[in-house]
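Data block below; observations after.
Values in this text are rule-based calculations from the coordinates and carry no lab data. As the structure is a computational prediction, the values presented were derived from the model and not from experiment. In this analysis, Cβ positions are derived from the backbone assuming ideal geometry, glycine residues included, and neighbour counts consider all displayed protein chains.
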Amino acid sequence: MLNVVGAVLIIGATAAVGLSSVWRMRARVRVLSGLIVAIEAMKNEICDRLMPIPELLEQLARESDVPVDQLFHRAIREMADIGIQSFYFIWKAAVESAQTLELTKEERQTLIDLGRTLGRYDTEQQREALTYTLRRLEGHLRRAEEECTKHSRVHAVLGIAVGVFVVVILL
């Protein structure tokens with residue numbers, strides 16, 4: 001009886017590891033979609049309404065879904081240092097500290113690069129930077145969706161299979 005309980009626990013634990021991997025892949029897709037929506041809103045507000053960056057960050061923090069909103073909340077908190085640090089460093093710190101975003105290094109770098117232009121250049125140059133960022137994020141999203149489609153079932157099944165394999169070895 002104790003062997004059966006142990007076997008079920010081992011299989012359950014390895015299945016949970018596989019399923020958590022699937023969850024992270026799906027979360028990354030949701031985050032990238034949320035970031036695209038937020039960057040599109042940012043582009044419209046900056047280029048069409050000429051909204052100042054602090055107001056824009058507050059609006060995006062209110063309107064963005066979790067966990068994307070955390071990026072903007074962090075940037076707002078860091079804005080207190082705007083006279084001490086440039087907006088680029090504030091934005092970079094916000095992107096780097098938003099660990100709940102589940103982004104790859106390349107995806108984070110895409111967001112960090114956007115901070116070099118925001119609030120610094122004229123509207124047209126900001127529009128170009130935002131459009132470029134959107135194109136890159138859309139490419140990242142396509143790849144993330146493909147990875148999720150291809151690998152999610154494999155990760156889930158592999159988690160269970162590893163558990164079964166370990167149980168067979170231990171018996």
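Summary of values
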| quantity | calculated |
| --- | --- |
| Evaluation of residue 30 against (1) in contact (Cβ under 8 Å) with a residue 40 or more places away in the chain; (2) more than 27 Å from residue 125 (Cα to Cα) (one fails), failing number | (1) |
| Sole residue being over 30 Å from residue 167 (Cα atoms) and among the small types (Gly, Ala, Ser), chosen from 13, 38 | 38 |
| Per-region count, segment 7-17, residues surrounded by fewer than 19 Cβ atoms within 10 Å (Cβ to Cβ) and either without any contact (Cβ under 8 Å) to a residue 40 or more places away in the chain or over 24 Å from the mean Cα position of the chain (by Cα) (or both) | 6 |
| Criterion (on the phi > 0 side of the Ramachandran plot and touching a helix residue (DSSP H, G or I) at 6+ places or on another chain (Cβ under 7 Å)) met by exactly one of 102, 107, 138 | 102 |
| Residue satisfying condition, being part of a helix (DSSP H, G or I) and surrounded by 16 or more Cβ atoms within 10 Å (Cβ to Cβ), within set 33, 20 | 33 |
| Matching entry among 90, 160 (being of a type in the set (A, V, I, L, M) and over 18 Å from residue 69 (Cβ atoms)) | 160 |
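Let's see how each residue does on (1) farther than 23 Å from residue 125 by Cβ; (2) free of Cβ contacts under 8 Å to residues at least 12 places away in the same chain:
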position	(1), (2)
35	no, no
40	no, no
44	no, yes
51	no, yes
57	no, no
62	yes, yes
70	yes, no
80	yes, yes
85	no, yes
